[in-house]
1. Consider only pairs whose beta carbons are under 6 Å apart and that are at least six residues apart or on different chains; among these, list those whose first residue lies in the stretch 30-47 and is closer than 11 Å to Ser263 by Cβ and whose second residue is surrounded by 11 or more Cβ atoms within 10 Å (Cβ to Cβ) and among the polar types (S, T, N, Q).
2. Which is of a type in the set (S, T, N, Q) and surrounded by fewer than 19 Cβ atoms within 10 Å (Cβ to Cβ), of Ser282, Ser219, Ser263, Ser215?
3. Does Ser38 qualify as being surrounded by 10 or more Cβ atoms within 10 Å (Cβ to Cβ) and small (Gly, Ala, Ser)?
4. I'm trying to understand the selection: among the residues of the stretch 95-107, which are assigned to a helix (DSSP H, G or I) and surrounded by fewer than 11 Cβ atoms within 10 Å (Cβ to Cβ)?
5. Do you know which residues across the stretch 224-268 are charged (D, E, K, R), farther than 22 Å from Val81 by Cβ and not in a helix (DSSP H, G or I)?
6. If the requirement is being in a helix (DSSP H, G or I), under 30 Å from Val212 (Cβ atoms) and modelled with pLDDT of 85 or more, which of these qualifies: Ile78, Ile25, Ile20, Ile31?
7. With respect to Ser147, determine if the residue is of a type in the set (Ser, Thr, Tyr), assigned to a loop (DSSP other than H, G, I, E, B) and either at pLDDT below 90 or over 19 Å from Val94 (Cβ atoms) (or both).
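The values are calculated or read from the model by the stated rules, or taken from the named source; none is laboratory data. The shown structure was predicted, so the numbers you read here are calculated from the model rather than taken from an experiment. Ideal geometry is used to build each Cβ from the backbone, glycine not excepted, and the neighbour counts take in all protein chains shown.
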Amino acid sequence: MKKKKSLANIEPYVWLLPSILLMTIFILFPILEVFRTSLSEVSKAGIIKGFCGLDNFTKVLRGSTFKLVLKNTLVWTIVVVVLSTVFGFILALVLNNEFRFRKAVRAVVVFPWATSLIIQAGVWKFIIDKDYGALNTLLMKLHIIASPVNWTPTPGAYFAWECFVGIFVTVPFVTFCVLSGLQSIDTAYYEAATVDGANYWQKLFKITLPLVRPSLTVSTVLNIIYVFNSFPIIWTITKGDPASRTDTLVTYLYKLAFYKGKSGEAAAVSVIGFLILCACASVYMIISLKKEGQEE
């Protein structure tokens with residue numbers, strides 16, 4: 001009996017062992033290696049020469065480019081996450097209603113999220129091109145404009161288009177996260193609220209929002225991580241040019257590592273981004289959990 005009990009206690013850990021090993025090999029070791037590289041002097045060939053302390057962090061933080069890139073990253077993350085959450089929530093409310101061809105509409109909505117980001121960014125780069133872009137061609141055929149318009153006259157305009165593409169491909173993810181929460185709400189809550197004379201907005205803020213908050217929390221935290229680390233959209237459309245005016249931390253560290261051969265500084269940028277991301281996600285989770293605890 002004792003042997004059976006001991007085997008029963010060990011069995012869950014045996015089943016978890018493959019996952020733990022995979023996470024250790026493919027997640028934990030790479031993270032530790034990045035931290036080690038950020039604290040080391042690295043040659044252009046990628047050979048670690050020795051410990052250099054915080055020299056790589058000092059070089060990165062003193063550079064004027066890093067401040068610009070950090071600002072771009074924060075703007076990019078906040079704009080894409082906030083607007084995609086708002087639009088995704090509204091779209092989820094619409095798709096939660098009964099209407100004709102609802103299944104077909106849901107299938108269409110998921111396409112931007114299901115398609116590769118590189119393909120999406122490439123398509124939008126073609127659409128907004130001044131000389132042969134589909135947007136200018138369509139507007140000229142509709143006689144809305146007389147000649148091709150340069151939709152990206154400045155780095156800021158390019159960055160705005162990148163944010164738009166980021167929102168476009170992120171909305172479906174938020175929509176279906178919220179939609180799963182909406183469909184789990186018992187209709188009896190709304191029926192009782194209707195009997196009590198509650199209007200649409202009262203139902204939305206008193207019933208819908210509190211009950212879908214767990215789904216919103218999950219989608220927001222995952223969105224912060226995905227958007228902050230997003231590489232394909234920025235790289236496909238502008239490669240961070242001109243002069244890093246549209247770079248984010250991910251594209252900037254890529255240039256440092258593979259264009260300039262500064263692997264130590266690139267690792268330092270990666271660590272800074274990792275710490276910022278951990279801090280933001282932790283703060284958001286703590287605030288959300290506190291709100292849920294207070295409501296309970």
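1. Within 6 Å, the pairs are Val34/Ser270; Ser38/Asn56; Val42/Ser263; Gly46/Ser263.
2. Numbers: Ser219 fails: surrounded by fewer than 19 Cβ atoms within 10 Å (Cβ to Cβ); Ser263 fails: surrounded by fewer than 19 Cβ atoms within 10 Å (Cβ to Cβ); Ser215 fails: surrounded by fewer than 19 Cβ atoms within 10 Å (Cβ to Cβ).
Exactly one of Ser282, Ser219, Ser263, Ser215 is of a type in the set (S, T, N, Q) and surrounded by fewer than 19 Cβ atoms within 10 Å (Cβ to Cβ), namely Ser282.
3. Values: surrounded by 10 or more Cβ atoms within 10 Å (Cβ to Cβ): yes; small (Gly, Ala, Ser): yes.
So Ser38 passes the test.
4. Going residue by residue through the stretch 95-107, those that are assigned to a helix (DSSP H, G or I) are 95, 102-107.
Passing the criteria: Lys103, Ala104.
5. Restricting attention to the stretch 224-268, the residues satisfying the condition of being charged (D, E, K, R) are 239, 241, 245, 247, 255, 260, 262, 265.
Then drop every residue that is not farther than 22 Å from Val81 by Cβ, which leaves 239, 241, 255, 260, 262, 265.
If the condition is that a residue be charged (D, E, K, R), farther than 22 Å from Val81 by Cβ and not in a helix (DSSP H, G or I), then Lys239, Asp241, Lys260, Lys262 are the ones that fit.
6. Numbers: Ile25 fails: under 30 Å from Val212 (Cβ atoms); Ile20 fails: under 30 Å from Val212 (Cβ atoms); Ile31 fails: under 30 Å from Val212 (Cβ atoms).
Of Ile78, Ile25, Ile20, Ile31, the one residue that is in a helix (DSSP H, G or I), under 30 Å from Val212 (Cβ atoms) and modelled with pLDDT of 85 or more is Ile78.
7. Values: of a type in the set (Ser, Thr, Tyr): yes; assigned to a loop (DSSP other than H, G, I, E, B): yes; either at pLDDT below 90 or over 19 Å from Val94 (Cβ atoms) (or both): yes.
The answer is yes for Ser147.
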